[in-house]
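Throughout, read-outs are computed from the coordinates displayed, never taken from laboratory work. For clarity, every value in this text was computed on a predicted model and none was experimentally measured. No Cβ is skipped: glycine too gets one built from the backbone with ideal geometry, and neighbour counts run over all protein chains shown.
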Amino acid sequence: MTRYIVRRLLWGVLLLIIVSALLFVMFRVFPTADPAKLRAGRLQSQKIIAEIRVNLGLNKPLITQYWIYMKNLVLHFDLGYSYYSNAPVKSLILERLPATVSLVLGGAVVWLVSGLGVGIISALRPRSRLDRFSMGGALVLVSAPEYWLGLILLYVFAADIGQVKIFPGANSYVGLTSDPVKWFTSLILPWLVVAAGNAAIYARLIRGSLIEVLGQDYIRTARAKGLTERRVVLRHGVRSAINPIVTILGLDIGVLLGSSVLVETVFDIPGIGRLNFDAITHSDFPIVQGTVLFAALFIIVANILVDIAYAYLDPRVRYS
Amino acid sequence: MRSLRTITLAALAGVLTLGVAACGSSSSSKSANAGVSAPEGVQTPATESLTGGKKGGTLNVVNHEDFEHIDPGQSYFAIDYQAVYATNRPLYSYKPNSFKEPVPDMAEGPPQVSSDAKTITIHIRHGVHFGPPVNREVTSADVAYALDRGANPNVANPYFEAYFKSLEGFSKANGGPIAGIKTPDKYTIVLKLTEPKAAIAAAALVLPVSAAVPEEYAKKYDAKKPSEYGNFQVATGPYMWKADASGKVLGVGYQPGKSATFVRNPNWSASTDFRPGYLDQINLSIGGDPTVIGRQVLEGSHIVQNDTPAQSIVKLAFEKFRKQLLIAPGSGNRYVALNNSHGPFTNVNLRKAVWAALDREAMDKARGGSLVTIPATHYIYPEVPGFEQAGGVTGPKFDYNEHPQGDPAVAAKYMKLAGYPSGKYTGGKTIQVVGSTGNPASVDAEIVNQTLKNMGFKTKFNLVDQATMYSKFCGVVTEEIDVCPNVGWLADFGDGQAALQVPFDGKYIITNGTNSNWPQSNHPKINKAMEVAENVVGASARAVAWAKIDKELVEEAVAPVWDWDKQPAIESKDVAGVADVWNEAGWDYGFTSLK
């Protein structure tokens with residue numbers, strides 16, 4: 001097991017190096033705009049642009065530029081500076097990480113609890129009215145775009161612009177450490193939006209998987225042994241049916257940590273997704289590079305965690 | 001050109017005409033400036049009161065866009081200026097609703113220009129102090145250092161060369177002292193020029209590069225590549241960025257992409273400033289959905305939005321919250337850059353044909369219609385000196401700029417004159433059209449592209465993001481782009497030269513830098529006229545001289561101009577917002593108060 005984890009970690013590092021190389025090629029070799037001109041701003045003279053090119057090291061051979069880039073990244077975790085604010089990209093990302101983590105992990109809890117709950121109940125009463133209603137509802141939620149759903153919730157429930165003023169609206173996010181209660185209430189609507197689509201998918205997934213598992217011989221045996229239905233379903237059924245959920249959960253969390261831009265924008269939550277989006281809008285390449293690298297890191301780490309979780313959940317899985 | 005910006009010096013007559021036109025009465029009053037005025041019930045910078053505000057309170061500002069550069073030596077963007085002019089005092093500034101002339105700010109009186117127009121002498125005020133952590137009186141040496149920074153590549157000021165290159169020693173300037181900037185005493189600064197260009201250099205002293213910077217404090221930050229002074233800046237205005245004891249702003253009063261906080265500058269003295277400085281604090285939040293932000297402002301309390309509200313919000317404000325809506329004219333022009341130096345549009349009659357065919361009214365409608373646009377007929381836009389002299393709204397009359405909805409018959413006439421008797425382009429060459437993504441820019445680009453196709457052109461049509469459009473295509477001479485439908489210009493200050501020279505003078509076609517003469521206009525007669533007009537002294541004489549050039553540009557049809565922007569701004573009902581007409585309706589923190 002340890003050897004497996006070490007090997008996966010090494011693969012993860014290699015993958016990150018490949019991603020960083022691709023990002024370097026994308027933004028240094030084939031940039032959509034000249035980085036020196038972007039850094040210089042509007043109406044600049046040739047002299048200033050040339051000086052900036054030297055300052056950014058863009059006059060050096062590409063291989064040297066890549067070496068410096070990797071050296072700074074590995075030795076100092078230096079992702080460069082924003083073309084506009086001159087702020088270090090590393091600190092911009094780290095400052096925004098708590099907001100994104102709060103949003104995604106909280107959302108994940110909501111979608112897991114609601115999605116699994118609804119899915120399990122539907123699986124136990126297939127083709128019942130409850131099953132049809134919940135699966136129909138799931139279809140609606142899957143089809144609802146996050147941005148639209150966010151706006152609707154704000155216009156209905158936000159304390160400032162809503163019709164039924166219940167929850168704090170956009171731009172109300174505060175850090176967990178500064179005010180835990182405000183942190184919690186400000187994230188209720190965003191969590192619902194993040195969770196909506198995923199909960200629906202998870203409900204459908206677990207329902208299908210559990211119906212299949214509950215038809216297996218070993219479940220019949222468990223019932224024949226006289227185990228309670230609760231124990232049969234949760235201990236034997238759900239534990240087997242949950243493997244596909246774990247796989248997709250790891251990926252979903254990894255992806256969302258790097259790209260929850262829509263929800264962050266609608267609710268004005270200063271997270272990594274919005275940082276990335278704003279940087280793309282302004283061609284602020286160092287930030288785009290940094291956030292994409294972070295997103296790749298999240299996905300790789302999430303994948304490794306998923307693989308480890310497999311071994312725990314399903315003893316049949318063995319790693320060599 | 002500043003993005004979303006204009007500083008203007010319109011004559012008082014312009015303001016009076018607004019009043020007449022706002023009554024919407026006679027056809028004679030309509031003819032001169034119809035469309036420039038705001039609809040009834042909507043505020044304009046011309047009608048807002050600058051005095052009598054309530055002191056105290058915290059204003060909340062919402063922006064969906066972030067600042068670009070907060071260093072006064074580098075900032076060149078509407079939102080940046082709102083912060084820069086509240087925290088820094090350049091030598092001269094404009095009052096929010098005053099178009100006529102700049103007023104002395106850090107300077108004590110108007111600039112004294114020598115008879116040969118080669119020397120400018122300015123006396124600065126006594127008793128103005130830097131905010132913490134510098135806490136000492138501002139001297140002329142601080143203004144000199146600020147101007148020296150203009151040539152420092154680490155600061156990368158965008159306009160210094162354009163307006164101050166005639167300073168003695170400019171060619172060797174690299175951030176150190178510039179030979180042509182002298183400080184004979186603590187309160188006097190003298191600018192020595194190699195050419196008689198005092199008029200434009202003095203006019204450009206309203207730009208934030210002339211705001212004092214303490215050398216002993218800033219030098220270590222300016223030595224960094226790029227300079228970090230912006231993130232440690234010191235205030236001279238009524239407000240300062242919230243900072244820690246060392247003066248650090250980044251991470252304290254400014255969280256990029258998240259928030260900014262301005263507090264009172266404890267060393268600011270009202271007796272030295274024309275700004276009342278009513279507010280105690282300004283909290284700025286960055287980001288969010290524009291429609292949500294707009295509703296928060298209109299339905300909330302003590303909030304203003306700084307950047308452009310969403311079209312749907314402007315409409316909502318106009319219909320239901322009209323008193324909370326402000327419309328400022330004079331917010332720049334937009335034109336279609338047809339390549340005058342390469343390809344088929346070197347033919348003047350083809351350019352005229354495109355101008356005639358273009359449905360400029362449809363393009364304006366895509367931007368929000370008459371509430372926020374005026375179909376343009378020439379390049380100097382409302383509020384810039386020379387606009388009236390160039391013919392006002394109707395402009396210099398030519399058959400190809402006469403019909404805003406386009407005139408196929410006139411277009412066909414010029415196609416024939418261009419050598420295409422069928423009225424359709426048969427040159428065979430595929431022309432490259434590069435526009436900007438995002439609504440409404442992409443819609444406007446589509447209209448231009450379709451117009452060209454209707455005229456028989458084969459087009460290769462690309463939409464890219466705006467930064468890429470300028471830095472990779474339209475601003476790169478060697479790319480030889482034939483048509484750029486989404487370009488526009490905002491004068492840096494109220495002078496015809498600032499509105500016309502960089503975008504249309506042949507000597508500003510920059511092959512290796514950032515070219516902003518997008519049509520690559522290079523017509524010897526016009527270039528020569530600009531050279532002469534540069535040296536004209538006196539506001540009214542300059543207005544006439546540059547209006548004449550404006551007419552010549554239209555006569556050459558260098559670039560079909562289709563819009564003069566009007567800028568909307570919104571505020572909560574309990575905010576007495578004062579917007580800067582010279583800053584594209586940006587709320588002025590120095591004058592705004594709470595009700």
task: Quick one, could you list the DSSP H helices from chain A stretching 15 Å or more along their long axis (Cα atoms) with average Kyte-Doolittle hydropathy of -0.5 or above?
output: A:2-24, A:62-76, A:89-124, A:129-143, A:146-157, A:188-214, A:243-259, A:285-313
- prompt: In Å, what Rg and Dmax follow from the Cα atoms of the stretch B:403-533?
  reply: 16.3, 45
- prompt: With +1 on each Lys and Arg Cβ and -1 on each Asp and Glu Cβ, how big is the dipole of chain B about its Cα centre, in debye rounded to the nearest 20?
  reply: 340
statement: Dividing the alpha-carbon radius of gyration of the stretch B:446-595 by 2.2 N^0.38 Å, where N counts its residues, gives 1.28
- prompt: Given Cα pairs under 8 Å that are at least 6 residues apart, what percent is the relative contact order of the stretch B:56-206?
  reply: 22
message: Loop only by DSSP, 13 or fewer other Cβ within 10 Å of the Cβ. Give me the chymotrypsin sites (Phe, Trp or Tyr not before Pro) in the stretch A:167-202 that pass, ordered by residue number.
response: none
message: As an exercise, identify the trypsin sites (Lys or Arg not before Pro) in the stretch A:148-223 lying in DSSP coil whose Cβ has no more than 14 other Cβ atoms within 10 Å.
response: A:165
Which listed pairs, of B:54/B:566; A:47/B:192; B:315/B:365, have C-alpha distances above 18 Å, in listed order: B:54/B:566; A:47/B:192
field: Between 0 and 90°, nearest 10: helix B:78-87 axis offset from chain B longest Cα axis
entry: 20
message: Within 10 Å of each candidate Cβ there may be at most 14 other Cβ atoms; applying that plus a DSSP loop requirement, which trypsin sites (Lys or Arg not before Pro) in the stretch B:468-541 survive?
response: none
message: Neighbour counts of other C-beta atoms within 10 Å: give me A:70, B:106, A:135 arranged from fewest to most.
response: A:70, A:135, B:106
- prompt: So how do B:378, B:123, A:76, B:342 line up by other beta-carbon neighbours within 10 Å, fewest first?
  reply: A:76, B:342, B:123, B:378
message: With 10 angstrom as the radius, rank B:550, B:307 by how many other C-beta atoms surround their C-beta, starting from the fewest.
response: B:307, B:550
- request: Would you mind telling me which residue in A:11, A:67, A:111 has the biggest mean-square fluctuation in a Gaussian network model of chain A, where springs connect alpha carbons within a distance under 10 angstrom?
  value: A:67
- prompt: Gaussian network model of chain A, Cα springs within a sub-10 Å range: biggest mean-square fluctuation belongs to which of A:293, A:151, A:130?
  reply: A:130
- request: With an 8 Å cut-off on Cα pairs and a minimum separation of 6 or more residues, tell me the relative contact order of the stretch A:231-320 in percent.
  value: 36
query: Within straight cross-link reach of residue B:219, meaning Cα distance under 18 Å, which lysines are found once same-chain residues fewer than 8 apart are removed?
result: B:248
query: Once both axes come from the Cα atoms, what is the angle between helix B:348-357 and the longest principal axis of chain B, in degrees from 0 to 90, rounded to 10?
result: 90
task: May I ask for the angle, rounded to the nearest 10°, between helix B:539-555 and the longest principal axis of chain B, with both axes built from Cα atoms and the value confined to 0 to 90°?
output: 30
